[in-house]
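The values are calculated or read from the model by the stated rules, or taken from the named source; none is laboratory data. Being a predicted model, the structure only gives us computed values, none of them experimental. Note that each Cβ is placed from the backbone with ideal geometry, even for glycine, and that neighbours are counted across all protein chains shown.
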Amino acid sequence: MSKSIKIVLCIAASAMIYSSCVVGPQYATPKHNLPKDFGTGIQSDSTSLVKWFDLFGDTALQNIIKTTLQNNKDLATALARVDEARFQLDIIRVNTLPSFGYQAQTGGGRADNSALKVAGGFNSGVNKAFGVLNWELDLWGRLKRSTEAARAQLLAQQSVQNALKLSLVAEAASAYFLLCDLDNRLLIANRTVESRKESTRIINERFEKGYVAELDKLQAIQQEALVAALIPNIQRQIVQVENTLNVLMARMPQSISRGQSLFSQTIQPEIPVGLPSQLLERRPDIIAAEQTLKAQFQRIGIAKAAMFPTLSLTGVLGFASPQLSSMLNGGFVANGFAGITGPIFQFNQNKNRVLVEQKRTEQVQLQYEQTVIKAFAEVNNALVQNSTYAEEFARRKEQTDAATKAYGLSKARYDYGYTSYLEVLIQENSLFDAELQVSALYQQRLNAMVNLYRSLGGGWE
């Protein structure tokens, strides 16, 4: 073994010994001053959340969610980004290993004496075939940190994909519940129109016989037209919501299959909230934000490593000869080289690159903290929504029951001539409004449950 090759091997061995000298700060998970609960007085527990498919009992909604997760174009794009990040990690990780290649050359030339004097050519053949090894020794951890940054970026993309799943399922469920609400409102409107048509017919007959004033007849026609005008409005909204669901499922416009009616939709009596610390582990957007922070943190070390020399090894093994037939007979070549490159005067460019990455890390750190704060606010809002919508719905239901009885009494009083038609109209409108409000509130209760589950980061699997 030649002396030069021995020197190269000694350099490589020494570099491997000192390769653990990683420059730059070491990443640590951010600390949080977490509250003991979510600020609502609701007792927390550590029960794991069930999956979306177990949360909803409507098979039609389950099919919508399944189709959305299978076909949604945004989700497919997110999956492609995850694959891209995985391949990028493989590319960067290989940089820490030696690379092998080859070189081959053949040719020849002829030159007279004058040309040879000025190196203008040569009178011989050239035949070369080499295997080439290149290896950059990671003395300062630049390649290691690049790999860690790529790995963190992969985990961030996976969490972004999970966050998108969570968002899509919640959006599909909310749109479906709105569709059920609109179906129920349309049912109420059609029933009310039929009732008012009958009232208009009776009052018109009474007017023709002179039993009631024309004002009663005109008021009845107005009330019938008022409700009838609401029907095309609801039908228009139904089509819009159906198309929203079709877009989520990546389908062309078509009718959406229904399952259970609005008031047949089940509401979980109690959703496990968990401990505040578990929110950091469950919400994919928080996980994605932290992994993005980790990736950016590694870039500080990469920038610091650029301030130090880079050591690389190159080995060449092969054959060379003026004649192709004699390459394998005595034309053996074995060369080894060690090269070092490093900055001397960069006019603070490398130093400023480190400062740039530090400032970028500060920005990502603030974004991560903002994500955590926003997550706790969303959970608190969702918990309050669940409790207050339940109470509001109970009061509206009492109002509807009372309005139903009041309308029946007013109509009976009017039929027997004890009151004016104005009283009937007031009670009839109160009942109609109360029924619509109860329908909307129940839909909001269902959406509040979806929002709570979404804010807790559960059910996206």
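In the stretch 198-223, what residues are more than 15 Å from residue 411 (Cβ to Cβ) and assigned to a helix (DSSP H, G or I)?
Passing the criteria: 204, 205, 207, 208, 214, 215, 217, 218, 221, 222.
Within the stretch 425-438, take every residue that is surrounded by 19 or more Cβ atoms within 10 Å (Cβ to Cβ) and free of Cβ contacts under 8 Å to residues at least 60 places away in the same chain and give me the one that is nearest to residue 219 (Cα to Cα).
427
What residue, of 160, 82, 94, 169, is farther than 30 Å from residue 243 by Cα and of a type in the set (Val, Ile, Thr)?
Working: 160 fails: farther than 30 Å from residue 243 by Cα; 82 fails: farther than 30 Å from residue 243 by Cα; 169 fails: farther than 30 Å from residue 243 by Cα.
None of the other options fit; the residue is 94.
From the residues in the stretch 168-180 that are within 13 Å of residue 60 (Cα to Cα) and touching an Asp or Glu at 6+ places or on another chain (Cβ under 8 Å), which one is surrounded by the fewest Cβ atoms within 10 Å (Cβ to Cβ)?
Filtering the stretch 168-180 for residues that are within 13 Å of residue 60 (Cα to Cα) and touching an Asp or Glu at 6+ places or on another chain (Cβ under 8 Å), the one surrounded by the fewest Cβ atoms within 10 Å (Cβ to Cβ) comes out as 179.
Being hydroxyl-bearing (Ser, Thr, Tyr) and under 22 Å from the mean Cα position of the chain (by Cα) is the filter here; which residues of the stretch 241-272 pass it?
Taking the stretch 241-272 first, the residues hydroxyl-bearing (Ser, Thr, Tyr) are 244, 255, 257, 261, 264, 266.
Answer for the stretch 241-272, where residues must be hydroxyl-bearing (Ser, Thr, Tyr) and under 22 Å from the mean Cα position of the chain (by Cα): just 244.
Listed here are the residues, each with its yes/no results for (1) among the β-branched types (Val, Ile, Thr); (2) touching a residue at least 60 places away in the same chain (Cβ under 8 Å).
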position	(1), (2)
136	no, yes
160	yes, yes
167	no, yes
174	no, yes
197	no, no
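Which one is nearest to residue 25 (Cα to Cα) among residues in the stretch 125-141 that are in a strand (DSSP E or B) and small (Gly, Ala, Ser)?
131
If I filter the stretch 313-345 down to residues being under 24 Å from residue 107 (Cβ atoms) and among the β-branched types (Val, Ile, Thr), which single residue comes out as modelled with the lowest pLDDT?
Filtering the stretch 313-345 for residues under 24 Å from residue 107 (Cβ atoms) gives 314, 316-335.
Among the residues that remain, those that are also among the β-branched types (Val, Ile, Thr) are: 314, 316, 333.
On the way: 314: 84, 316: 83, 333: 79.
The residue in question is 333.
Right, residue 193: crowded, with 21+ Cβ neighbours inside 10 Å and either acidic (Asp, Glu) or in contact (Cβ under 8 Å) with a residue 24 or more places away in the chain (or both) or not?
Working: crowded, with 21+ Cβ neighbours inside 10 Å: no; either acidic (Asp, Glu) or in contact (Cβ under 8 Å) with a residue 24 or more places away in the chain (or both): yes.
No.
Go over the candidates 435, 428 one by one and state the one that is of a type in the set (Asp, Glu) and more than 23 Å from residue 175 (Cβ to Cβ).
After applying the criteria, what remains is 428.
Please work out if residue 262 is over 25 Å from residue 152 (Cβ atoms), in contact with a helix residue (DSSP H, G or I) (Cβ under 6 Å, 6 or more places away or on another chain) and in contact (Cβ under 8 Å) with a residue 12 or more places away in the chain.
Yes; evaluated as a whole, the condition is true for this residue.
For the stretch 288-307, check the following and say yes or no: at least one residue is of a type in the set (Asp, Glu), under 21 Å from the mean Cα position of the chain (by Cα), under 22 Å from residue 364 (Cβ atoms) and surrounded by 14 or more Cβ atoms within 10 Å (Cβ to Cβ).
Looking for residues that are of a type in the set (Asp, Glu), under 21 Å from the mean Cα position of the chain (by Cα), under 22 Å from residue 364 (Cβ atoms) and surrounded by 14 or more Cβ atoms within 10 Å (Cβ to Cβ), one finds at least one in the stretch 288-307, hence yes.
Against the condition surrounded by fewer than 21 Cβ atoms within 10 Å (Cβ to Cβ), over 24 Å from residue 36 (Cβ atoms) and not polar (S, T, N, Q), how does residue 441 come out, does it pass?
Numbers: surrounded by fewer than 21 Cβ atoms within 10 Å (Cβ to Cβ): yes; over 24 Å from residue 36 (Cβ atoms): yes; not polar (S, T, N, Q): yes.
It is true that residue 441 is surrounded by fewer than 21 Cβ atoms within 10 Å (Cβ to Cβ), over 24 Å from residue 36 (Cβ atoms) and not polar (S, T, N, Q).
Quick one: which of 73, 51, 117 is under 24 Å from residue 251 (Cβ atoms), of a type in the set (Lys, Arg), modelled with pLDDT under 80 and surrounded by fewer than 15 Cβ atoms within 10 Å (Cβ to Cβ)?
51
Residues in the stretch 380-396: is at least one at pLDDT 90 or above, surrounded by fewer than 19 Cβ atoms within 10 Å (Cβ to Cβ), closer than 28 Å to residue 231 by Cα and more than 37 Å from the chain's Cα centre (by Cα)?
There is at least one residue in the stretch 380-396 that is at pLDDT 90 or above, surrounded by fewer than 19 Cβ atoms within 10 Å (Cβ to Cβ), closer than 28 Å to residue 231 by Cα and more than 37 Å from the chain's Cα centre (by Cα).
Residue check: is residue 389 aromatic (Phe, Trp, Tyr) and closer than 22 Å to residue 266 by Cα?
yes
Among the residues of the stretch 256-270, are any on the phi > 0 side of the Ramachandran plot, part of a loop (DSSP other than H, G, I, E, B) and either among the aliphatic types (A, V, I, L, M) or outside the structural domain of residue 158 (by TED's automatic domain parsing) (or both)?
Keep residues of the stretch 256-270 that are on the phi > 0 side of the Ramachandran plot, which gives none.
No, the stretch 256-270 contains no residue that is on the phi > 0 side of the Ramachandran plot, part of a loop (DSSP other than H, G, I, E, B) and either among the aliphatic types (A, V, I, L, M) or outside the structural domain of residue 158 (by TED's automatic domain parsing) (or both).
Only one of these conditions is not met by residue 183: (1) over 47 Å from the mean Cα position of the chain (by Cα); (2) surrounded by fewer than 19 Cβ atoms within 10 Å (Cβ to Cβ). Which number is it?
Just one mismatch for residue 183, condition (1).
Which residue, of 274, 331, 336, 301, is at positive phi and not aromatic (Phe, Trp, Tyr)?
That would be 274, the only listed residue that is at positive phi and not aromatic (Phe, Trp, Tyr).
For the structure I just gave you, tell me whether residue 81 is under 21 Å from residue 310 (Cβ atoms), modelled with pLDDT of 85 or more and not aromatic (Phe, Trp, Tyr).
no
Looking for whichever is surrounded by 12 or more Cβ atoms within 10 Å (Cβ to Cβ) and assigned to a helix (DSSP H, G or I) here; the options are 365, 346. Which one fits? Step through it out loud before you land on a result.
Details: 346 fails: assigned to a helix (DSSP H, G or I).
Going through 365, 346 in turn, the sole match is 365.
I'd like to know if the stretch 413-420 contains one or more residues that are crowded, with 16+ Cβ neighbours inside 10 Å, free of Cβ contacts under 8 Å to residues at least 60 places away in the same chain, of a type in the set (Phe, Trp, Tyr) and in a helix (DSSP H, G or I).
Within the stretch 413-420 (the criterion being crowded, with 16+ Cβ neighbours inside 10 Å, free of Cβ contacts under 8 Å to residues at least 60 places away in the same chain, of a type in the set (Phe, Trp, Tyr) and in a helix (DSSP H, G or I)), the answer is yes, since at least one residue qualifies.
In the stretch 161-211, how many are hydroxyl-bearing (Ser, Thr, Tyr) and over 26 Å from residue 282 (Cβ atoms)?
5
Out of everything in the stretch 327-343 that is touching a residue at least 12 places away in the same chain (Cβ under 8 Å) and not in a strand (DSSP E or B), what residue ends up being surrounded by the most Cβ atoms within 10 Å (Cβ to Cβ)?
Once the filter is applied, the top-ranked residue is 327.
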